[in-house]
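Here's the structure, in structure tokens; my notes come after.
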Amino acid sequence: MTDQTKPFVIAIVGPTCTGKTDLSIELAKKLNGEIVALDSRTIYKRMDIGTAKPSTEQQNTIKHYCLDILEPERFFTVAEYVDEANKAIRTILTQGKLPILCGGTGLYARALLEGIQIPAVEPQSKLRNELNEFADEKGNEELHAKLATIDPDTANKLNINDRRRIIRALEVSMISGQPFSQLATQGMPPYSTLWLGLTWSNREKHKALITKRLQNHIAEGLLEEVQKLWQNAAYQPILSNSINYKEFIAYLNKTESLNESSEQCIKNNFQLARKQMMWFKARQFINWIAIDEISTQECFNKALKILSEQAKLVDSN
């Protein structure tokens with residue numbers, strides 16, 4: 001049951017390509033809700049097709065927040081996201097509407113809804129450039145080793161090649177004077193959250209849908225979007241760390257075929273889905289719905305049933 005002493009929100013989470021956006025919109029229509037994106041890439045302007053950002057029609061149907069916040073010229077910190085999302089939730093609640101959080105970025109969900117407090121250290125452009133130059137010269141292994149000497153706990157959790165997060169952890173640790181792992185603290189969850197998780201029970205069917213979605217994105221102009229964005233040097237660090245964008249740089253540079261870049265993109269999306277699923281599955285409070293076992297309408301009805309039973313929010317009949 002939900003905690004009635006705190007503002008109530010719904011969170012729709014799960015791996016990429018599971019229909020979270022469609023379900024969030026249908027629930028928002030039914031429950032007089034508005035949607036707050038839980039996604040680390042749809043916050044960027046101009047990155048539309050590759051992020052599967054809600055269409056103009058969808059955004060006109062239901063108001064969305066935390067989309068198109070800034071140009072893809074720098075990484076948006078978790079602390080910045082939490083501030084923006086909290087503002088959006090307050091706005092929605094003030095209007096007497098229901099906030100519906102929707103997305104697959106687990107760290108955003110944890111920081112916003114589970115009360116994990118992330119250190120609010122402003123991005124340090126000069127230091128980031130120095131650390132990137134260090135990694136270019138010495139390699140990602142040496143960069144990771146540098147973090148291990150300052151904050152072994154965080155280093156153990158990060159892949160050696162995850163340069164962006166390693167640099168962010170170094171940045172926070174060096175500026176604050178404390179290890180990044182010691183600065184993230186567990187507070188009280190600020191909202192009463194009912195969690196809905198969408199997933200696939202058949203991984204091969206999921207992979208097939210990821211493949212089909214990529215084909216659709218290419219038909220919609222994904223390659224043109226990547227090419228246009230890549231021409232702006234300021235956008236390149238973000239694009240180089242974003243699935244559905246980074247894979248096609250080699251194709252645009254004529255060092256890989258379209259088929260090779262597409263196959264790598266499908267592989268990366270599938271690996272992302274696995275990582276997302278592992279992260280969310282560890283949250284025992286999430287109510288899971290396997291979308292390949294039921295129709296879209298049945299999925300909607302099942303979500304309403306969960307809401308009726310756990311939040312007494314709606315009559316599911």
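The values are calculated or read from the model by the stated rules, or taken from the named source; none is laboratory data. Predicted model only: the values in this text are computed from it and were never measured. Virtual Cβ from ideal backbone geometry, glycine too; neighbours counted across all protein chains shown.
Structural remarks
- The one condition in (1) polar (S, T, N, Q); (2) in contact (Cβ under 8 Å) with a residue 60 or more places away in the chain; (3) within 21 Å of THR42 (Cα to Cα) that GLN236 fails to fulfil: (2)
- Which numbered condition LEU170 fails, given (1) hydrophobic (A, V, I, L, M, F, W, C); (2) assigned to a loop (DSSP other than H, G, I, E, B); (3) touching a helix residue (DSSP H, G or I) at 6+ places or on another chain (Cβ under 9 Å): (2)
- If you go through segment 26-42 and keep only what is in contact with a helix residue (DSSP H, G or I) (Cβ under 7 Å, 6 or more places away or on another chain) and either buried (at least 22 other Cβ atoms within 10 Å of the Cβ) or polar (S, T, N, Q) (or both), you end up with LEU27, ILE35, VAL36, LEU38, SER40.
- For THR91, the requirement of being modelled with pLDDT of 95 or more, closer than 21 Å to ILE291 by Cα, assigned to a helix (DSSP H, G or I) and not charged (D, E, K, R) is not met.
- Pair list, Cβ < 6 Å and 6+ apart or interchain, from segment 194-206 residues that are surrounded by fewer than 23 Cβ atoms within 10 Å (Cβ to Cβ) to residues that are modelled with pLDDT of 95 or more and acidic (Asp, Glu): none
- Number of the condition not met by GLU247 [criteria: (1) charged (D, E, K, R); (2) closer than 30 Å to ASN132 by Cβ; (3) at pLDDT below 95]: (3)
- The set of residues in segment 11-20 being in contact with a helix residue (DSSP H, G or I) (Cβ under 7 Å, 6 or more places away or on another chain) and either among the β-branched types (Val, Ile, Thr) or outside any loop (DSSP other than H, G, I, E, B) (or both) consists of ALA11, ILE12, VAL13, THR16, THR18.
- One residue stands out in segment 52-77 among those that are surrounded by fewer than 22 Cβ atoms within 10 Å (Cβ to Cβ) and either not assigned by TED's automatic domain parsing to the domain that holds VAL13 or not in a loop (DSSP other than H, G, I, E, B) (or both): the one that is nearest to the chain's Cα centre (by Cα), namely TYR65.
- Residues in segment 151-161 include at least one that is crowded, with 16+ Cβ neighbours inside 10 Å, at pLDDT 90 or above and over 22 Å from the mean Cα position of the chain (by Cα).
- Identity of the residue in segment 99-115, in contact with a Pro (Cβ under 7 Å, 6 or more places away or on another chain) and assigned to a loop (DSSP other than H, G, I, E, B), that ends up surrounded by the most Cβ atoms within 10 Å (Cβ to Cβ): GLY104
- Search result, residues across segment 116-134 that are among the small types (Gly, Ala, Ser) and in a helix (DSSP H, G or I): SER125
- Near pairs, Cβ below 8 angstrom, 6+ apart or cross-chain, from segment 41-58 (under 18 Å from ILE218 (Cβ atoms) and free of Cβ contacts under 8 Å to residues at least 24 places away in the same chain) to any residue that is among the aromatic types (Phe, Trp, Tyr) and surrounded by 15 or more Cβ atoms within 10 Å (Cβ to Cβ): none
- Residue that is over 30 Å from SER261 (Cα atoms), of a type in the set (A, V, I, L, M, F, W, C) and modelled with pLDDT under 95, where the choices are ILE62, ILE118: ILE118
- Test result for GLU260, surrounded by fewer than 17 Cβ atoms within 10 Å (Cβ to Cβ), over 24 Å from ARG110 (Cβ atoms) and modelled with pLDDT under 95: no
- Answer from VAL82, VAL13 - the residue that is without any contact (Cβ under 8 Å) to a residue 60 or more places away in the chain and under 17 Å from the mean Cα position of the chain (by Cα): VAL82
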